[in-house]
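The next block holds one structure in the form of structure tokens; read it before the comments.
The values are calculated or read from the model by the stated rules, or taken from the named source; none is laboratory data. The structure displayed is predicted, hence computed values, not measured ones. Here Cβ is always computed from backbone atoms with ideal geometry, including for glycine, and neighbour counts include all displayed protein chains.
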Amino acid sequence: MLTPTQLEQLNKLIDSKIYGFIAKNISIDQLTPEQIKVLKSIGVQVDKILPKDLLTYQSFALGMISGAIPKSTLNATNYEAFKKYIGSTKMIPLNSYEKGVIRSLERQSLSDVAGIGNKYKKTIGEALNTSERQYFEDTLRRNIQEGRAKKESLRIISNNIAKELDSFGRDFDRVVQTISHNAFTEGREAFYVKNYGNDAKYWVDVFQGACTWCVKSYLTGGIGSEPKVFKVGELPPPNANYGKKKADWVVTKPSSHPYCRCTINPLPEGYVWNQDTQQFEPPKDFKRKVERKSKVKIEFGDKRYEI
Ligand SMILES: [Zn+2]
């Protein structure tokens, strides 16, 4: 059997993994002094982690500049250059609204990660209960030597735990994907607000083969139909559905489920859907009504963009 001390050690191991993940990906500000102490005690150099290295901030920044810079330029940019850019003074400065969005993203992400920790603690607890039951049944039924039965049940326990810890890593991968796509979406939406104002609208590019939930949420009549149009700030963040039964789900911003790749896109004022080209386009007699007052200027690499 695992002793209570060993169980406690396993739980501590899970905790420190979770704290480490939060510190390196979300924000140190979301950890308590006690949790930071735990990280320091296992050699994590907490003070050396900079905001620009965090997953939430990076994905948000990528979302913002993806609204400003042509896709071709962005695709040709490597990760190191991108990191250098967002850490430099050339990065679009974030206003208090955008900083608030990042804080709220951090809190959302925190509940994703805490969910993993609780799941594994519960599973390990259950693995123990199952093995304990097995141990007693074995002892009774076969009436074999106690020593052998003990050995057998220990093997079951350690196999179960090893199997669970294996999927621990996969769960982290899923959370990384979710956090980065959520933050990317928020970055894009924040950019629309910055550039087009509070009445800006967007539509969601739903991938071919996307799940029925995304098709229903973002399109008016199935794959290939006209996308629904949303106003900035209209859709709640993805965690609006956490812990709810599917029947009670509401339409949220992407990612609306794990591994969702649906991407929000701005809808220029006056553009209409063309079913033939499957795009939003200006109508034939299109004339932009009012010239926008402010424009976002952005310097990326050796180029300057004004949108
Ligand atoms: Zn989707």
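Miscellaneous remarks
Rundown of residues vs (1) under 30 Å from residue 172 (Cα atoms); (2) in contact with a His (Cβ under 7 Å, 6 or more places away or on another chain); (3) at pLDDT below 85; (4) of a type in the set (Phe, Trp, Tyr), yes/no style:
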residue: 254; (1), (2), (3), (4): yes, yes, no, no
residue: 257; (1), (2), (3), (4): yes, no, no, no
residue: 271; (1), (2), (3), (4): no, no, no, yes
residue: 275; (1), (2), (3), (4): no, no, no, no
residue: 285; (1), (2), (3), (4): no, no, yes, no
residue: 288; (1), (2), (3), (4): no, no, yes, no
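- Sub-6 Å Cβ pairs linking a first residue in the stretch 87-110 that is under 20 Å from residue 241 (Cα atoms) to a second residue that is assigned to a helix (DSSP H, G or I) and of a type in the set (Asp, Glu), at least 6 apart or interchain, are 101/186; 105/186, ordered by first then second residue.
- Qualifying residue in the stretch 80-93 (condition: within 20 Å of residue 4 (Cβ to Cβ), modelled with pLDDT under 85 and surrounded by 12 or more Cβ atoms within 10 Å (Cβ to Cβ)): no
- Boolean, residue 74 is part of a helix (DSSP H, G or I), surrounded by 13 or more Cβ atoms within 10 Å (Cβ to Cβ) and modelled with pLDDT of 90 or more: no
- The stretch 240-258 - residue that is of a type in the set (Lys, Arg) and either assigned to a helix (DSSP H, G or I) or within 15 Å of the ligand (Cβ to nearest atom) (or both) and, of those, farthest from residue 108 (Cα to Cα): 246
- Set side by side, the residues 94, 39, 54 differ, and just one is under 16 Å from the mean Cα position of the chain (by Cα) and closer than 22 Å to residue 23 by Cα, which is 54.
- Residue, surrounded by the most Cβ atoms within 10 Å (Cβ to Cβ), within the stretch 196-206, restricted to residues that are closer than 21 Å to residue 250 by Cβ and among the aromatic types (Phe, Trp, Tyr): 202
- Some residue of the stretch 85-100 being assigned to a loop (DSSP other than H, G, I, E, B) and among the charged types (D, E, K, R): yes
- Qualifying residue in the stretch 207-226 (condition: surrounded by 15 or more Cβ atoms within 10 Å (Cβ to Cβ), touching a helix residue (DSSP H, G or I) at 6+ places or on another chain (Cβ under 9 Å) and acidic (Asp, Glu)): no
- Residues that are surrounded by 20 or more Cβ atoms within 10 Å (Cβ to Cβ), more than 15 Å from residue 111 (Cβ to Cβ) and either within 10 Å of the chain's Cα centre (by Cα) or not charged (D, E, K, R) (or both), drawn from the stretch 170-195: 180, 181, 184, 185, 187, 190, 191, 192
- Within the stretch 274-282, not a single residue is under 27 Å from residue 60 (Cα atoms) and within 21 Å of the chain's Cα centre (by Cα).
Condition check ((1) over 29 Å from residue 85 (Cβ atoms); (2) not hydroxyl-bearing (Ser, Thr, Tyr)) across all residues:
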| residue | (1), (2) |
| --- | --- |
| 7 | yes, yes |
| 11 | yes, yes |
| 16 | yes, no |
| 26 | no, yes |
| 48 | no, yes |
| 57 | no, no |
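- Flag if residue 236 is within 23 Å of the chain's Cα centre (by Cα), within 16 Å of the ligand (Cβ to nearest atom), exposed (fewer than 15 other Cβ atoms within 10 Å of the Cβ) and assigned to a loop (DSSP other than H, G, I, E, B): yes
- Selection within the stretch 180-230 - within 13 Å of the ligand (Cβ to nearest atom), of a type in the set (Ser, Thr, Tyr) and within 20 Å of residue 94 (Cβ to Cβ): 185
- Looking across the stretch 259-276 at every residue that is surrounded by fewer than 17 Cβ atoms within 10 Å (Cβ to Cβ) and in a loop (DSSP other than H, G, I, E, B), the one that is nearest to the ligand (Cβ to nearest atom) is identified as 261.
- Restricting attention to the stretch 170-203, the residues being under 21 Å from residue 242 (Cα atoms) and either in contact with a Leu (Cβ under 9 Å, 6 or more places away or on another chain) or without any contact (Cβ under 8 Å) to a residue 60 or more places away in the chain (or both) number 10.
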